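The values are calculated or read from the model by the stated rules, or taken from the named source; none is laboratory data. The shown structure was predicted, so the numbers you read here are calculated from the model rather than taken from an experiment. Note that we place each Cβ from the backbone using ideal geometry, even for glycine, and neighbour counts take in every protein chain shown.
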């Protein structure tokens, strides 16, 4: 970790270099502005590493999931327009866009605002009370002016969108997006498991073996670490990530616009040929 901080210096604390010109003091500790993109290396090995990275990866999964679902619904519009199906545009594309973005689009907006402003708002509290008491004062959890009014409008829009979808085409019920959004959290869980496995193999196998002044033990530890890295972290974990990504693409994304119904089979028959087709 010390080597990492030397190569990529942390911006959370520069107390060891009090003369840093771009630092500012908070109490007895000097800080720099946070990195505009990426994760500060000081999180690695800290007591808050797991909850911080856990929250970060979960939010990134939600953002990517909402973007991909929006793209799938937009593609369904172009399909409906191409086939001249106004029913799908009015009672599928429009209410699905309203429902998705009234709930999960709003959550994505809150995530981005929280990241950009450094707010300490509790998004779990915000989303839960969006349903339980959407008009109440958010106090410290308010991220922008007029948020309570926006929540009421979005919740009302989502409620209206459900019968809008179901009455003309009842089978659309299975396409509501809560299950789909949860599916995008599976790669987050895989990433978390992969990170913990990497730490365990590195700290409990390689570093533990390297602590002995014995070449045999070191070679055994290195062999075990290499085997675990190649066959568990690279092969097994990569395969699981690939399968989950494939499922997300095929099930959660493509079912928004891809039907795959094909054409009714017509067996070949000379009797059905026209005179023009004879030539």
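Summary of values
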{"quantity": "Only listed residue being modelled with pLDDT of 80 or more and either in contact with a helix residue (DSSP H, G or I) (Cβ under 8 Å, 6 or more places away or on another chain) or more than 30 Å from residue 64 (Cα to Cα) (or both), chosen from 279, 202", "calculated": "202"}
{"quantity": "Residue in region 194-204 that is outside the structural domain of residue 96 (by TED's automatic domain parsing), under 30 Å from residue 72 (Cα atoms), out of contact with any strand residue (DSSP E or B) (no Cβ under 7 Å at 6 or more places or on another chain) and not in a loop (DSSP other than H, G, I, E, B) present", "calculated": "yes"}
{"quantity": "Answer from 233, 190 - the residue that is assigned to a helix (DSSP H, G or I), closer than 30 Å to residue 252 by Cβ and at pLDDT 75 or above", "calculated": "233"}
{"quantity": "Enumeration of residues in region 122-137 that are within 13 Å of residue 110 (Cα to Cα) and in a loop (DSSP other than H, G, I, E, B)", "calculated": "122"}
{"quantity": "Qualifying positions in region 90-126 - closer than 23 Å to residue 163 by Cα and surrounded by fewer than 16 Cβ atoms within 10 Å (Cβ to Cβ)", "calculated": "90"}
